[in-house]
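Here the structure comes first, spelled out in structure tokens, and everything after it is commentary.
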Amino acid sequence: MSSAAAALSKLVNGSPAAPSDALPKGVRRIALDDFDAVFGSLIELSSDALGGSIVDTSDEFFCTASNLLKVPPSVSMKGQFGPNGALFDGWESRRHNPTYDWTIIKLGALGKIVGCDVDTGHFSGNESPASGVWGAHVPEGETISEDSTKWTPLLPITPLGPAQRHLFLLPSVSEPVTHLKLTMHPDGGLGRFRAYGHVVPPPAPAVPTGRAVDLAYVLNGGTVTGESDQHFGRGGNLILPGRGKDMGDGWETRRSRGRLGTGKGDWVVIKLAEPGYLEWVDIDTLHFVGNFPHSAELYGISSTEECPSYDSAGWTRLLDETKLGPHRQHFYQLSHPEKAWTHARLNIYPDGGVKRLRLYGRPQSQYPDYSALIPLPAPAPAASLDAAPSSSALAASGPASTSLSVPKLPAVPLTPSAFAPYGSVIQSYPDERSAPKEIKIKTVNFGTARKFNHLAPVDSVAPPPGRFAAAEKANGGQVPAGEINFCVFRCEPQNGARGAEGGKEQWEVKVLERHEFSSQAFVPMGNEGAEGRYLVLVALPGENGQPSLPTLRAFMASTAQGISYHRNVWHAPLIALGDRKVDFACVVSETGVPEVDCEIKWFEQGTVAVVEAV
């Protein structure tokens, strides 16, 4: 007789009604009301949302064991029958097992188990009388059998009760395991099984790769340690793999009343996988169509606490409050990339749902000194600053030099909300639910087309009198009136240089231009197809009208998107990418006087930033 069967004979056969508080030594039963306090910041390592799966089962005649790992709670299927009998949302085996039933679960990540939730769901009279849990570390590419000697007991065989959740805190945190064995003694049904613990992240590379990584991602070691509310969806869902399948595997708070515009909202705190420099964020509202947050902002802090207080003075704003949209990803460059943070806090206003949060940056352990991340391009020789500049706005980065340090800008994917301070994005929306609410969409052309209205304004003003005296003198006392120029730009590719093997493309920023008195729109004409891309670089004017370098932002646009710069916004000339020329249709108001229509700014210091593809 196996050890499990021997334990069964003592626990069940000899005592038909084992008391519910007869727990094995060291195991603690946790009340449901204490779930958040005990398990709230742990990772559900067995969940199919994390990649958990069933690899083998002794018997699943009535209901398959894969139901155990589903994200939603077990639901009642009372009155429903299949070919084998009554249906249940869980795992159910046949009756009259002389030993016990078992299933082997492969965890979604290598992890250390702290506790578990053995839920008998809606099984009453056919529930598992008792269950046990074993763990094992199985090397990649190998398998494990039920009778393997590698199994280590985690939860000794423990009595259960019908139709209820059983939360257990284990006597000690397990060694890292990849697989669990869950048993039912002798047979019966379980609704759900959830193993909680800590992800053991993969080891850091021996040599820094230079690439940004998602420091919030659960499989890298990130955890959600606190939230204001998680009425409809848990905060921990934000850092799960992939983009999920519906609203149920995102973070969603209850509706507030009267909070819009008050500055009060909901929040969630993420402890990063390790301290790191955060460079850009992806806030994803996939599937949240009518219940996405109105707006969001992001903060960072360096703290030794598991969940720093909301009121802590150490929180620093990394992203200003920005309007969000439905059912789409939002990419933003973050402020203060030179500081290392241990935690991030996402604030949403006034409430709503977010599917995923990705925080990309570089681990501090690989870059103890942030200056190692600062590009060091060779500055232009002093004599060349007075020479005629080249026509290229962004130069491919050349050999490094320690004589000049400049910031690195991530070229994040172009989205309307991130680009809004600088201009408009001109695009259709295949899934019209993801279009900004202010865009009016109509059916036209006798029902054969959909029209996306007013995507970008065409805006122009006359220069103030006396501003361009020479032009006024040459044109009878006034600058010529502007007229709309609908033209085409045929652009040569300006692909960036790559650093180390497999490194990202980079471009040095040396020049910007602006159209002070007119908006300017560019729409790709399809040369590169839907997969083409081009680079957009923008900056707001400072108090003196010159480019404000802290507002420099870089975006990677698809050739399915056009852009329109607001009047007076500084930007780089068009930066086409790929292996051939790209045509852009352009709409701009021009007077024909070069100094009025376009102001060009070459920076005296040479390179002022380096753009890096993400």
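The values are calculated or read from the model by the stated rules, or taken from the named source; none is laboratory data. Remember, predicted model here, so these are calculated numbers, not experimental data. When we count neighbours, we look across all protein chains shown, and the Cβ atoms used for this are built from the backbone with ideal geometry, even at glycine.
Just for segment 191-209: of the residues that are among the hydrophobic types (A, V, I, L, M, F, W, C) and out of contact with any helix residue (DSSP H, G or I) (no Cβ under 9 Å at 6 or more places or on another chain), which one is surrounded by the most Cβ atoms within 10 Å (Cβ to Cβ)?
Ala195
Only one of Asp117, Asp89 is touching a strand residue (DSSP E or B) at 6+ places or on another chain (Cβ under 6 Å), surrounded by 14 or more Cβ atoms within 10 Å (Cβ to Cβ) and either among the charged types (D, E, K, R) or modelled with pLDDT of 95 or more (or both); which?
Answer to the selection: Asp117.
Among the residues of segment 168-176, is any touching a helix residue (DSSP H, G or I) at 6+ places or on another chain (Cβ under 9 Å), at pLDDT 95 or above and outside the structural domain of Val281 (by TED's automatic domain parsing)?
Checked against the condition, which is being touching a helix residue (DSSP H, G or I) at 6+ places or on another chain (Cβ under 9 Å), at pLDDT 95 or above and outside the structural domain of Val281 (by TED's automatic domain parsing), segment 168-176 yields at least one hit.
Going residue by residue through segment 466-489, is there one that turns out to be within 28 Å of Val608 (Cα to Cα) and touching a residue at least 12 places away in the same chain (Cβ under 8 Å)? If you could, list the steps in order and put the result at the bottom.
First, the residues of segment 466-489 that are within 28 Å of Val608 (Cα to Cα): 489.
Then drop every residue that is not touching a residue at least 12 places away in the same chain (Cβ under 8 Å), which leaves 489.
Among the residues of segment 466-489, at least one is within 28 Å of Val608 (Cα to Cα) and touching a residue at least 12 places away in the same chain (Cβ under 8 Å), which makes the answer yes.
Only residues that are under 17 Å from Tyr349 (Cβ atoms) and assigned to a loop (DSSP other than H, G, I, E, B): list them for segment 233-249, please. Walk me through how you get there before you give the answer.
At the first step, the residues of segment 233-249 found to be under 17 Å from Tyr349 (Cβ atoms) are 235, 238.
Scanning segment 233-249 gives no hits.
From the list Glu595, Glu543, Glu599, Glu604, which residue is in contact with a Lys or Arg (Cβ under 9 Å, 6 or more places away or on another chain) and not polar (S, T, N, Q)? It would help to see each step written out before you state the result.
Values: Glu595 fails: in contact with a Lys or Arg (Cβ under 9 Å, 6 or more places away or on another chain); Glu543 fails: in contact with a Lys or Arg (Cβ under 9 Å, 6 or more places away or on another chain); Glu604 fails: in contact with a Lys or Arg (Cβ under 9 Å, 6 or more places away or on another chain).
Just a single option satisfies the conditions, and that option is Glu599.
Please work out if Gly592 is touching a residue at least 12 places away in the same chain (Cβ under 8 Å), more than 15 Å from Pro493 (Cα to Cα) and outside any strand (DSSP E or B).
Spelling it out, Gly592 is indeed touching a residue at least 12 places away in the same chain (Cβ under 8 Å), more than 15 Å from Pro493 (Cα to Cα) and outside any strand (DSSP E or B).
For residues that are in a loop (DSSP other than H, G, I, E, B) and crowded, with 19+ Cβ neighbours inside 10 Å, tally how many sit in segment 92-114. I'd like the intermediate steps shown before the answer.
Taking segment 92-114 first, the residues in a loop (DSSP other than H, G, I, E, B) are 93-100.
Right, trim to crowded, with 19+ Cβ neighbours inside 10 Å and you get 93, 100.
Adding up the residues that qualify gives 2.
Just give me the residues in segment 257-273 being assigned to a strand (DSSP E or B) and of a type outside the set (A, V, I, L, M), in sequence order.
Result: Asp266, Trp267, Lys271.
Among the residues of segment 210-229, which ones are buried (at least 18 other Cβ atoms within 10 Å of the Cβ) and either charged (D, E, K, R) or part of a loop (DSSP other than H, G, I, E, B) (or both)?
Of everything in segment 210-229, those that are buried (at least 18 other Cβ atoms within 10 Å of the Cβ) and either charged (D, E, K, R) or part of a loop (DSSP other than H, G, I, E, B) (or both) turn out to be Ala212, Asp214, Leu215, Ala216, Tyr217, Gly221, Gly222, Glu227.
Would you tally the residues in segment 532-559 being in contact with a Leu (Cβ under 8 Å, 6 or more places away or on another chain) and assigned to a loop (DSSP other than H, G, I, E, B)?
Within segment 532-559, residues that are in contact with a Leu (Cβ under 8 Å, 6 or more places away or on another chain) and assigned to a loop (DSSP other than H, G, I, E, B) number 3.
Pick out the one residue from Glu438, Glu516, Glu472 that is part of a loop (DSSP other than H, G, I, E, B) and surrounded by 13 or more Cβ atoms within 10 Å (Cβ to Cβ).
Glu516
Out of Thr64, Thr99, Thr149, which single residue is of a type in the set (Val, Ile, Thr) and without any contact (Cβ under 8 Å) to a residue 12 or more places away in the chain?
Unique residue meeting the criteria: Thr149.
Name the strands (runs of 3 or more DSSP E) wholly within segment 274-374 that hold at least 1 residues that are among the aromatic types (Phe, Trp, Tyr)?
Here the list reads 295-301, 329-333, 340-349, 356-363.
Looking only at segment 43-83, how many residues end up being assigned to a strand (DSSP E or B) and farther than 11 Å from Lys106 by Cα? Break it down into steps so the answer makes sense when it comes.
Taking segment 43-83 first, the residues assigned to a strand (DSSP E or B) are 43-44, 53-57, 63, 81-82.
Of the ones still in play, those that are also farther than 11 Å from Lys106 by Cα are 43-44, 57, 63, 81-82.
The number of residues fulfilling the criteria is 6.
Criterion first (farther than 15 Å from Leu190 by Cα, under 39 Å from the mean Cα position of the chain (by Cα), assigned to a strand (DSSP E or B) and not small (Gly, Ala, Ser)) does Leu167 satisfy it? Before the answer, list the steps.
Working: farther than 15 Å from Leu190 by Cα: no; under 39 Å from the mean Cα position of the chain (by Cα): yes; assigned to a strand (DSSP E or B): yes; not small (Gly, Ala, Ser): yes.
When the stated conditions are applied, Leu167 does not pass them.
Any chance segment 454-466 includes a residue that's closer than 15 Å to Asp597 by Cβ, in the same structural domain as Ser564 (by TED's automatic domain parsing), surrounded by 11 or more Cβ atoms within 10 Å (Cβ to Cβ) and over 41 Å from the mean Cα position of the chain (by Cα)?
For segment 454-466, residues closer than 15 Å to Asp597 by Cβ, in the same structural domain as Ser564 (by TED's automatic domain parsing), surrounded by 11 or more Cβ atoms within 10 Å (Cβ to Cβ) and over 41 Å from the mean Cα position of the chain (by Cα): present.
Which residue is surrounded by the fewest Cβ atoms within 10 Å (Cβ to Cβ), if the candidates are limited to segment 273-297 and must be within 15 Å of the chain's Cα centre (by Cα) and over 20 Å from Arg243 (Cα atoms)?
Glu297
For segment 560-575, which residues satisfy the criterion of being assigned to a strand (DSSP E or B) and in contact with a His (Cβ under 7 Å, 6 or more places away or on another chain)?
Hit for segment 560-575 is Tyr565, nothing else.
Going by the structure shown, is Gly526 within 23 Å of Phe452 (Cβ to Cβ) and either in contact (Cβ under 8 Å) with a residue 12 or more places away in the chain or outside any strand (DSSP E or B) (or both)?
So Gly526 passes the test.
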